[in-house]
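Take a look at the structure below.
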Amino acid sequence: MITKDGVWLAFPIGGLRRRRSINSMQGYHVYMLNISTAMFGDMWNVGNNTSLQVQMERPGGALTPGIAGISVQPMQLLLAGMCILFTVIRSWRSWHSAVLNSAAPKGSVGWPILGESYSFLRSGVNDSFDKWIAERVQRFGSTFKTHLFFTPSVIVTGPEEVQILFDDPHKNLGTGVPPAMIKIFGTSSALALNGKEHKDMHKLLADSLLLSKLKQQVSQIDRLMLLTMSTWDGSTVDLLQATQDIVLKTLTLSFFGVLWEDDLADRIASLILPALAGILSVPVYFPGTEYYKARNARKKLNELLIPMIRNMRNSPAGSESEKFPYQKLLEHEMKGEKLSDTALCDVLVGTILSGIHGPSNTLCFAVKYLNENPPMLKKVQAEADLLRRKKEKSGETAFSTSDLKDLGYVVQVFHEVLRITCSTPGAIRVANSEMNVNGYVIPKGWRLMTAFAPIHLNPEFYPNPMRFDPDRFQTPPNPKKFLPFGRGVRACVGRELTKLMVVMSLYHMTTKFSWEVVSSGGNMVNLPIARMTGKFELAFKARNDQKL
Ligand code: HEM
């Protein structure tokens, strides 16, 4: 397929097996390769597209038959041909250099040009990403080379090497987020920045999202959750959708101070969700595709939020402790200048987009694992009830951050879910200059990647690793062996907020309801984030001793 963003090839994954999946196209998993931009991550699982058939209409003219039944003009075909040739040559050369490079770690670079991309992606769909990694670790050691999405890559799995990726001691690692995604996150979002600009922005975001700084928003988040849950009694609820809504409104509230009662929250949601869908879709910038809709939604978000940001600049901020994160961002300077309105919009939207999937999927997996382990669910209920009674006695109603201390077992469940699902499968960087890892030379331009599975599912660190066992975390996790939020200079800025949202949701769900599973969520996929492929629906019933 020829699009504004390049030339694309489509191919099905999973041996054309039919799967019940939100990420299927007519029942099959389909992946697209942008062979002209040849960037890692320009390849994604197709989202909810029902059809990828496109037509390119020649202005005022008839349509010319093209590749795979798609109509294109001869000039476009010629350009496409040149792009393909260029990409093939480039990929062949990078693949060949990876084969010959004896200073790089051992490994398999797979097929000429395509490398190991197909088996890598297939493992993500088949919930066997950990096995894909484990096989190679066994053959080549904890640091191995591969060739993915037209780029030579080195995957590091040992704790020491992973640390190099996270700490970037020589300051030569750049963001690995693919350009097509950066167009949605925004070029000034934390995920897209590098060097000092990134360091400053990261610190600012991380500081403003600490729970200690979000105290005034916690009671609002609590009210929002209760309001949403008050409609659940007697209904069947799509848990992912419901929690995504709560998370989205929480993030909007935490950043902008926008209350969910305000219809602005709904307007923001109606644009953020398509933008998010685009991040998980194939980046084909062509009318009708998820990616195209996402880019449009992103433009509209700018139109909606930039005037708001301008107003904020003119409104006086409260005291230091009352400031919302955006007020601190307004004062933030980069290269001696205040951030532009567009850059601010990128930072806010980029952070909200980064934060929607993780907490909602983690909550769904937590409920799923607890359902499968009734004694653990009972333990969670007992702990939550104890806290509820304590709060009733003291006349305190709203949830507060100090309540987390009384929910130790629920926090253990939260940690165990993050470990066993490997919520985010890993992290990616680009070597901006030649570097040395574990005695191997990684050339400039190669990707350095890590996967969390070899650490989170390592029996030496976690005996019987595939067993869901929250008691492993009776003592707090060892930060070198527990990496769901990454570490170091690019560590997740939303980890405390995630913990609050997931633990608070479990508290309210268990103290107020009993439930039965109506649909079980289907299979699990690992890439680009761990999630269920089907609907996870629960029928809720209010507990007799509770009024909603
Ligand atoms: C279960 C929930 C979450 C998980 C597992 C998760 C995981 C991660 C990981 C592994 C990274 C680091 C990636 C790397 O090293 O390249 C990251 C970065 C990031 N996360 Fe999260 N995250 C979660 C929730 C959130 C939330 C709620 C927010 C928003 C408030 C958020 C915002 C971000 C941002 C902005 C970055 C980029 C930080 C930077 O590059 O400086 N995340 N996340």
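The values are calculated or read from the model by the stated rules, or taken from the named source; none is laboratory data. These numbers come from a predicted model, not from an experiment. All Cβ positions, glycine included, derive from the backbone under ideal geometry; neighbour counts span all protein chains shown.
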| field | The one condition in (1) assigned to a loop (DSSP other than H, G, I, E, B); (2) within 11 Å of the ligand (Cβ to nearest atom); (3) in contact with an Asp or Glu (Cβ under 9 Å, 6 or more places away or on another chain) that Tyr462 fails to fulfil | value | (2)
| request: Give the range 423-448 a look and list any residue that's more than 16 Å from the ligand (Cβ to nearest atom) and either surrounded by fewer than 19 Cβ atoms within 10 Å (Cβ to Cβ) or among the hydroxyl-bearing types (Ser, Thr, Tyr) (or both), or say none. | output: Ser433, Glu434, Asn436, Asn438, Gly439, Tyr440, Val441, Pro443, Lys444, Gly445
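Go through the range 156-165 and give me each residue that's crowded, with 19+ Cβ neighbours inside 10 Å and either at pLDDT 95 or above or part of a helix (DSSP H, G or I) (or both). Before you say what the answer is, go through the steps one by one.
Filtering the range 156-165 for residues crowded, with 19+ Cβ neighbours inside 10 Å gives 156-157, 161-162, 164-165.
Within the range 156-165, Glu161, Val162, Ile164, Leu165 qualify.
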| request: Quickly run through the range 490-501 and pick out the residues that are near the ligand (Cβ under 7 Å from one of its atoms) and within 14 Å of Asp207 (Cα to Cα). | output: Arg490, Ala491, Cys492, Val493, Gly494, Arg495, Leu497
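How many of the residues in the range 224-259 are among the charged types (D, E, K, R) and modelled with pLDDT of 90 or more? Walk me through it before giving the result.
First, the residues of the range 224-259 that are among the charged types (D, E, K, R): 233, 238, 245, 249.
Retained after the next criterion (residues that are modelled with pLDDT of 90 or more): 233, 238.
Counting residues in the range 224-259 that are among the charged types (D, E, K, R) and modelled with pLDDT of 90 or more gives 2.
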| request: Quick one: in the range 471-489, of everything that is within 16 Å of the ligand (Cβ to nearest atom) and not in a loop (DSSP other than H, G, I, E, B), which residue is surrounded by the most Cβ atoms within 10 Å (Cβ to Cβ)? | output: Phe473
| Of all the residues that make up the range 399-453, how many are of a type in the set (Gly, Ala, Ser) and in contact with an Asp or Glu (Cβ under 7 Å, 6 or more places away or on another chain)? | 1
| task | Starting from the range 494-512, keep only residues that are touching a residue at least 12 places away in the same chain (Cβ under 8 Å), then list their pairs with residues that are within 12 Å of the ligand (Cβ to nearest atom) and of a type in the set (Phe, Trp, Tyr) whose Cβ atoms are within a distance under 7 Å, requiring at least 6 positions of separation or different chains. | result | Lys499/Phe414; Val502/Phe414; Val503/Phe414
| message | Given the options Thr143, Thr157, name the one that is among the polar types (S, T, N, Q) and under 15 Å from Trp446 (Cβ atoms). | response | Thr143
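Filter the range 350-394 down to the residues that are among the charged types (D, E, K, R) and in contact (Cβ under 8 Å) with a residue 24 or more places away in the chain, then identify the one that is surrounded by the fewest Cβ atoms within 10 Å (Cβ to Cβ). Lay out the reasoning, then the answer.
Let us first name the residues in the range 350-394 that are among the charged types (D, E, K, R), namely 368, 372, 378-379, 383, 385, 388-393.
From what is left, the residues that are in contact (Cβ under 8 Å) with a residue 24 or more places away in the chain are 368, 372, 379, 383, 385, 388.
Numbers: Lys368: 21, Glu372: 12, Lys379: 18, Glu383: 21, Asp385: 15, Arg388: 19.
Selected residue: Glu372.
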| said: Between Ser505, Ser423, which is part of a loop (DSSP other than H, G, I, E, B) and of a type outside the set (Phe, Trp, Tyr)? | reply: Ser423
| said: Take Leu329 and tell me if it is farther than 30 Å from Ser423 by Cα, modelled with pLDDT of 75 or more, crowded, with 18+ Cβ neighbours inside 10 Å and within 16 Å of the ligand (Cβ to nearest atom). | reply: no
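Being at positive phi and either under 27 Å from the mean Cα position of the chain (by Cα) or of a type in the set (Ser, Thr, Tyr) (or both) is true for just one of Gly445, Gly408. Which residue is that? Give the steps one after another, and end with the answer.
Values: Gly408 fails: at positive phi.
Answer to the check: Gly445.
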| query | Assuming Ile420 fulfils every condition listed in (1) within 14 Å of the ligand (Cβ to nearest atom); (2) free of Cβ contacts under 8 Å to residues at least 60 places away in the same chain; (3) at positive phi; (4) not hydroxyl-bearing (Ser, Thr, Tyr) apart from one, which condition is it? | reply | (3)
| query | Do you know which residues across the range 123-146 are buried (at least 19 other Cβ atoms within 10 Å of the Cβ) and farther than 27 Å from Asn436 by Cα? | reply | Ser123, Gly124, Val125, Asn126
| Flag if Lys499 is closer than 25 Å to Lys199 by Cβ, surrounded by 18 or more Cβ atoms within 10 Å (Cβ to Cβ) and either among the basic types (Lys, Arg) or over 23 Å from the mean Cα position of the chain (by Cα) (or both) | yes
| task | Looking only at the range 396-409, count how many residues are part of a loop (DSSP other than H, G, I, E, B) and either modelled with pLDDT of 90 or more or aromatic (Phe, Trp, Tyr) (or both). | result | 2
| said: Anything in the range 384-429 that is acidic (Asp, Glu) and within 18 Å of Asp222 (Cα to Cα)? List them, or say none. | reply: Asp385, Glu392, Glu396, Asp403, Asp406
| field | Subset of the range 345-380 (residues that are more than 11 Å from the ligand (Cβ to nearest atom), of a type outside the set (Asp, Glu) and out of contact with any strand residue (DSSP E or B) (no Cβ under 9 Å at 6 or more places or on another chain)) | value | Cys345, Tyr369, Leu370, Asn373, Pro374, Pro375, Met376, Leu377, Lys378, Lys379, Val380
| Is there any pair with a first residue in the range 395-416 that is surrounded by 23 or more Cβ atoms within 10 Å (Cβ to Cβ) and a second that is at pLDDT below 95 whose Cβ atoms are under 7 Å apart and which are 6 or more apart or on different chains, and what are they? | Phe399/Val218; Phe399/Asp222
| remark: Going through the range 187-200 in order, the residues found to be within 11 Å of the ligand (Cβ to nearest atom) and in contact with a Ser or Thr (Cβ under 8 Å, 6 or more places away or on another chain) are Ser189, Ala190, Leu191, Ala192, Leu193, Asn194, His198
| request: Scan (1) within 11 Å of the ligand (Cβ to nearest atom); (2) in contact (Cβ under 8 Å) with a residue 60 or more places away in the chain for the single condition Ser212 breaks and write down its number. | output: (1)
| remark: Matching residues in the range 502-541 (of a type in the set (D, E, K, R), more than 16 Å from the ligand (Cβ to nearest atom) and crowded, with 17+ Cβ neighbours inside 10 Å) number 3
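Would you confirm, using the coordinates I've provided, whether Ile182 is under 23 Å from Pro454 (Cβ atoms) and part of a helix (DSSP H, G or I)? First the steps, then the outcome.
On the way: under 23 Å from Pro454 (Cβ atoms): no; part of a helix (DSSP H, G or I): yes.
No, not satisfied.
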